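The values are calculated or read from the model by the stated rules, or taken from the named source; none is laboratory data. None of the values given here were measured: they were computed from a predicted structure. Virtual Cβ from ideal backbone geometry, glycine too; neighbours counted across all protein chains shown. Surface areas here come from the heavy atoms of the whole protein model, side chains and all, with no ligands, DNA or RNA. Shrake-Rupley method; radii C 1.70, N 1.55, O 1.52, S 1.80 Å.
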Amino acid sequence: MKILLVTGKLAYPILSEAVKAIRNAEIDIVAMDVPVAALMNVRYIAERLKGVRGYDYIILPGLVFGDATLVERATGIPTVKGTEEAWDINLAVEALLQGKSLSPRDPADKFISKGDSEKYLREIESNFREAFTVSGLRIPLRPPPFRIFLEVAEKQELSDIRRVEKYVDVIVVGFPVGHEDRDEVRRKVKEAIELGKPVGIDSDSPSELVEGVKAGAMFVFNMNERNIEALSQVKRDACFVVAPYEVNNKSQVVLSTLKKAKEMGFDRMIADPVLSPPLKGFVDSVKEYSSLREAINDVPIMMGILNFTELIDVDSVGVNASMVAIAAELGASCLLTMDKGKTKWSAWETREAGKMMSIAMSKSKLPKDVGIDLLILKDKRRIPREPSRGIEIGRNEPTMDRGFSRIYLSDEDIVVEWMGEGGEIKLHGKDALSLGRSLIRELEKRGVKPSLEHALYIGYELSKAEVALSIDKNYIQDKPLFKRIPNGENIDT
């Protein structure tokens, strides 16, 4: 098969390196006279490839704007879009060699990595060993797969839970130590049930736990050596997470409580020796999980990874992925997380990490290159940087203009406001470049031409706002988004 790859100037050396590993195909590369693929469109490419002949396929960069059938009509050669990352182009080529169909409109990533991953996940969901079913939810005896339990904080609004409900399997309504209000328990459990997910209840009060089950909760957090007798009246009506009240020999306490519960007729239980926070016995608690895994082979295990993620001031995405990997090795198929404040989006992160570990476990390989990743702020490969040229510039103070702009984030998008010459203008949207263009065009209609420096500043701040919106981070105009990794001196940027 003979294939022509189209790219931009900056990606050409990357593509040249990436295709060296490709066999059974003759690859040519043509670089358009633009720096990056995002600046190209299919009309531009079609015009420059009119005379091209002799190829089985043309592959455009995944980020090119427009429908590649325009190029196909101009050349008579089947034309599709490749991957968004130049390093991954071999995946698109291999797909064509295997007879797979790629799209002239969507990047190949949509059909290669994700498609294969989803296929593996469907197979895992079809073939795992089930411990039991609770309210239609199949609980794995051991991973893969995983089941995600979301603990709802006392003051957390259910509307906030709707933001992540599709990423979790069970909603757990929690109440603080010393809470005794069965009316509130009934109300909150019923509100949670309306979300359409199985519901759990977490309380240190046995009477509240019983009341929660009567109100429809199907999971009880926690049954222990002290409250087991009080919970026996609802032993057939829910699944019970068995966790120790005592802090010593936790796995042994769980084992003895499980044995007693089975003798009393409890038939659905999940074992949880309780994960300790970082620097407060975490390693010892992992040992307890290991002991429990070796001692039981007929009861699922739960790990409350929120005990680690919530109690360390580190970005949650990497912590959650690491904790899910640890849980996988320890045989914990049920994961308890929380999603608020600095751990916002932990539900999604835990779900994605669970998918990644599930595929890796099913293939007996490392959780790497499995088609799913959690690389949000890091890249797997470094694009070569060019040496610095020209005059070195330090900090420049801005010149004043005849108006000023205010940029901020709403609940859903970016807002830019102009105040000054030309009156007031208020615009909002999700695309920073489009917002900037629209603002400049509206000002021009009103006879206002902001200085080039001011236009540059607005574009810079809109770009920062778009990044903040995309990762759900705070944005404050004129303030840096991130800490800079130390390089010479540790400053913010």
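Here each label is just a point 7 Å from Cα along the line to Cβ, and for residue 246 and residue 431 those points are 6.4 nm apart. For the stretch 297-377, averaging the sequence separation of C-alpha pairs within contact (under 8 Å, six or more residues apart) and dividing by the residue count gives a relative contact order of 29 percent. A 1.4 Å probe, protein heavy atoms only, puts the accessible area of residue 53 near 150 Å².
Here the calculated FRET efficiency for residue 481 and residue 127, from their Cβ-Cβ distance with R0 = 35 Å, stands at 0.20, rounded to the nearest 0.05. The residues of the stretch 228-370 have, on average, 43 Å² of accessible surface per residue, using a 1.4 Å probe with all protein chains present.
Under 14 Å from a label point set 7 Å out along the Cα-to-Cβ vector of residue 389, the amide N atoms of the stretch 3-38 belong to 9-10, 35. The calculated P(r) of the stretch 132-264, using every Cα pair and 5 Å bins from 0, goes 2, 10, 21, 21, 21, 15, 8, 2, 0 in percent.
Of the accessible area of the chain, computed with a 1.4 Å probe over protein heavy atoms only, carbon and sulfur atoms account for 50 percent.
Each label was represented as a point 7 Å from its Cα along the Cα-to-Cβ direction; for residue 33 and residue 10 these points are 2.0 nm apart.
According to the calculation over all Cα-Cα pairs in the stretch 1-99, the P(r) per 10 Å bin from zero is 17, 56, 27, 0 %.
On the beta carbon distance between residue 264 and residue 165, with R0 = 25 Å, the FRET formula returns roughly 0.15. Per residue, the convex hull around the alpha carbon atoms of the stretch 277-343 comes to 72 Å³. When the trypsin sites (Lys or Arg not before Pro) in the stretch 102-193 are filtered for DSSP coil states and for at most 15 other beta-carbon atoms within 10 Å of their beta-carbon, the remaining sites are 105, 129, 155, 163.
Mean separation of Cα pairs under 8 Å and 6 or more residues apart, divided by the residue count, gives the stretch 140-229 a relative contact order of 24 percent. Between residue 378 and residue 23, residue separation times 0.36 nm minus the direct Cα-Cα distance comes to 124.8 nm. Cross-link partners of residue 110 among lysines, defined as those whose alpha carbon lies under 21 angstrom from its own and excluding same-chain residues fewer than eight positions apart: 81, 100, 119, 166, 355, 368, 378, 380. Restriction of the trypsin sites (Lys or Arg not before Pro) in the stretch 197-247 to DSSP coil positions whose beta-carbon has at most 16 other beta-carbons within 10 angstrom yields 226, 236.
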